[in-house]
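Everything on this sheet refers to the single structure shown next.
The values are calculated or read from the model by the stated rules, or taken from the named source; none is laboratory data. Only a predicted model underlies this, so the values are computations on that prediction, with no experimental measurement involved. So basically every Cβ, Gly included, is an ideal-geometry build from the backbone, and we count neighbours across all protein chains shown. Please note that ligands, DNA and RNA were not included when accessible areas were found on the heavy atoms of the full protein model with its side chains. Shrake-Rupley method; radii C 1.70, N 1.55, O 1.52, S 1.80 Å.
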Amino acid sequence: MQITKKYYKVTAQQEYEKNPQLSATDVEELLKWSDENINLYGKLIDLQIIMFLHACNYDKEYTKKVIRQCYNLRAKKCTPFFSARDPAHPFNQKQLDVVNINIIPDEENCYSYIWSQLKIVDASQYYPTVASKLTFMAIELDQVECGTKSGYRMVLDSNHFSLSHALRYSLSNARNLMLYVQEGTPFVIDKIYILNVTSGTERVFSTMKPFMSSSLINKVIIKSVSKTSEFIKTLPQTVVPKDYGGLAPIMSETNEILKQKLLDNRDYFLDEEKFRNGSVKDEVDTTVGEDDKDEIHSFKNLSID
């Protein structure tokens, strides 16, 4: 089995033209290597290899490590984030009603901005693992449709994000999420902007910070409520939703567009999960709650502007 190229809106030839650093010889070598070394229910295709090579700055040996870690983590420690990915699953659909997730391209600089904010503030309806899974699905679909990007810039508006929301994070899942983000992604996370910081945000960041490398920490920019508006003015206004005074469509509109795009590409996500696991899991992981409160660290070392 292969992830058929029919799902991709870009071609390998377009990627070679866009990225002169890409080597067809390296791609072929990595295809052969992955077939012999990565335990999947099928073979990777050239476009998948190209995404990994681009994310690894075209370092072939480093790319091998990231590919191996990506699929090992998806199969084991990070299973909650990469199983039951049917976009039509009621629980996945419901979480997109709780959290606004939006992807807005910066065509000029070849980045995509992922905006996220709570739509429903009732913490009992918030499932952080599912929200993270849907964010990864949005990024993956963006790659399927648009190919390689210079990077992804996460914009997390923590307005209304309370301690009750923070307490729904599982420490083990947070640890494994940071492991995947740093060692197994076929894309580049360029920046993480945390806006309108709250005590809930502080708690989550303090939970994750011990598992973050210095290079990832340096990508995080945290803005207090009083500094958020001025900071947003420094972003390209074409990627700022009208909700924040920018030129991009309002978040509810782009969120609905994303929901429909995920549904339109349901077959891709079902096939991709079968490609990795041999089947599609039906039960969504809804783990919540802090499973080791003793490891929560102080907020004092946070750098909040």
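Numbers at a glance
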| item | result |
| --- | --- |
| Segment 235-254 residues near the modelled K9 label - backbone nitrogen below 13 Å, point 7 Å along Cα→Cβ | none |
| Inter-part distance where segment 102-147 and segment 1-80 are each reduced to a Cα centre, Å | 22 Å |
| The chain: calculated mean residue ellipticity at 222 nm from DSSP helix runs of at least 4, using -39500 (n - 2.57) | -14000 deg cm²/dmol |
| Whole-percent pair-distance distribution, where bins are 5 Å wide, for the alpha carbons of segment 18-66 | 4, 23, 37, 24, 8, 3, 0 |
| Cα-based shape type of segment 50-149, given that a ≥ b ≥ c are square roots of the gyration tensor eigenvalues and the cut on a/c is 1.5 | oblate |
| Per residue convex hull volume, Cα atoms of segment 67-215, in Å³ | 113 Å³ |
| Positive-end extreme of charge dipole, the chain - chosen from W115, Y8, Y126 (charges on Cβ) | Y126 |
| Accessible area in square angstrom per residue, segment 64-155, 1.4 angstrom probe | 32 Å² |
| Nearest-ten-degree value, helix 251-264 long axis tilted from longest Cα axis of the chain | 30 degrees |
| Where labels lie 7 Å past Cα in the beta-carbon direction, separation of S229 and L167 in nm | 3.3 nm |
| Dipole magnitude of segment 14-97 about its Cα centre (Cβ charges: Lys, Arg +1; Asp, Glu -1), debye to nearest 20 | 520 debye |
| Alpha carbon convex hull of the chain, projected area averaged over orientations, nm² | 14.9 nm² |
| Set of lysines near K18 by C-alpha distance (under 26 Å), chain-local residues within fewer than 8 positions excluded | K5, K6, K9, K32, K43, K60, K64, K65, K149, K191, K219, K261 |
| Helix 266-277 axis, angle to the chain major axis (alpha carbon atoms, nearest 10°) | 70 degrees |
| Tilt relative to the chain, helix 46-55 - C-alpha long axis, 0 to 90 degrees, to 10 | 50 degrees |
| Segment 55-106: C-alpha gyration tensor shape, a/c 1.5 cut-off, then a/b vs b/c | oblate |
| Given the chain, longest segment not containing exposed loop trypsin sites (Lys or Arg not before Pro) (DSSP; at most 13 other Cβ within 10 Å) | 77-232 |
| Percent accessible area from carbon and sulfur atoms, the chain, protein chains only, probe 1.4 Å | 49 percent |
| Inter-label distance, nm, simple model (7 Å from Cα along the C-beta direction), E61/Q2 | 3.0 nm |
| Rounded if a/c under 1.5, otherwise prolate or oblate - segment 191-278, Cα gyration tensor axes | oblate |
